[in-house]
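Data block below; observations after.
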Amino acid sequence: SRIYYVHLLQDLCKSSPRGTKSKEGGYASRTERHRIMRVLLISPYLFPHKGGVEQFNLELGKHLAKTNDLTILSSKLNTEKESEHVLGFNIIRIPHFNLFGGTLPVPKKNSAVKKVIKTLQPDLIITSTRFFPISFWATFYARRIKIKHIHIEHGSDFVTLNNSVLRLIGRIYDLTIG
């Protein structure tokens, strides 16, 4: 269930990403072992947009922000602020195109995702849902520069679209990259 994932992620974020040895070679102190991690949570959409993934990421963000330095990277589609601090975490929104009737946010510049990751230098990147380009690029950059990465999948089947060509493209994506 969703609560299980929140607790699992909280446990992961409590452990030191840098190991448990202190600089002197002995065991690390409790504060060293439980230092605050910089976590970047990728949420293709976030409030004011409403949906299940958005609500899940918002709740996950509230829990992770209690013990970590959390930033959520999301889409800026309309009049949302590019940057704000709410509920104990930072939100950064990068400009996106909103394709397929508002179901697919695509970053206007893929390099914007890379720039945020390089600037924040997170210890952990969490992505959601394989269909969104922002999740793909965050995963790509996390692997490329060797940052810990967790992907939370919210779908259990191939993408369903009315257009047969797009449905085929989605199926090929799932079977190869996704």
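The values are calculated or read from the model by the stated rules, or taken from the named source; none is laboratory data. Bear in mind that the values here come from a model prediction, so they are computed numbers and not experimental data. Note that each Cβ is placed from the backbone with ideal geometry, even for glycine, and that neighbours are counted across all protein chains shown. The accessibility values were calculated without ligands, DNA or RNA, using every heavy atom of the protein model including side chains. Shrake-Rupley method; radii C 1.70, N 1.55, O 1.52, S 1.80 Å.
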message: Residue under question is residue 168, and the condition is that it be over 15 Å from the mean Cα position of the chain (by Cα) and of a type outside the set (S, T, N, Q); does it hold?
response: yes
statement: Among 86, 53, the single one that is open to solvent by less than 40 Å² (accessible area, probe 1.4 Å) and over 22 Å from residue 154 (Cβ atoms) is 86
query: Filtering region 64-102 down to residues that are of a type in the set (Phe, Trp, Tyr) and without any contact (Cβ under 8 Å) to a residue 60 or more places away in the chain, which residue is farthest from residue 116 (Cα to Cα)?
result: 97
- line: For region 49-63, pairs from a residue that is closer than 21 Å to residue 98 by Cα to a residue that is modelled with pLDDT under 90 and among the aromatic types (Phe, Trp, Tyr), with Cβ under 6 Å and 6 or more apart or across chains, are 54/45
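Yes/no per residue for (1) out of contact with any helix residue (DSSP H, G or I) (no Cβ under 9 Å at 6 or more places or on another chain); (2) closer than 30 Å to residue 162 by Cα:
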{"site": "51", "(1), (2)": "yes, yes"}
{"site": "64", "(1), (2)": "no, no"}
{"site": "92", "(1), (2)": "no, no"}
{"site": "96", "(1), (2)": "no, yes"}
{"site": "129", "(1), (2)": "no, yes"}
- prompt: Name the residues in region 142-154 that are open to solvent by less than 50 Å² (accessible area, probe 1.4 Å) and over 12 Å from the mean Cα position of the chain (by Cα), would you?
  reply: 147
statement: Filtering strands (runs of 3 or more DSSP E) wholly in region 59-178 for at least 2 residues that are among the charged types (D, E, K, R) gives 69-76
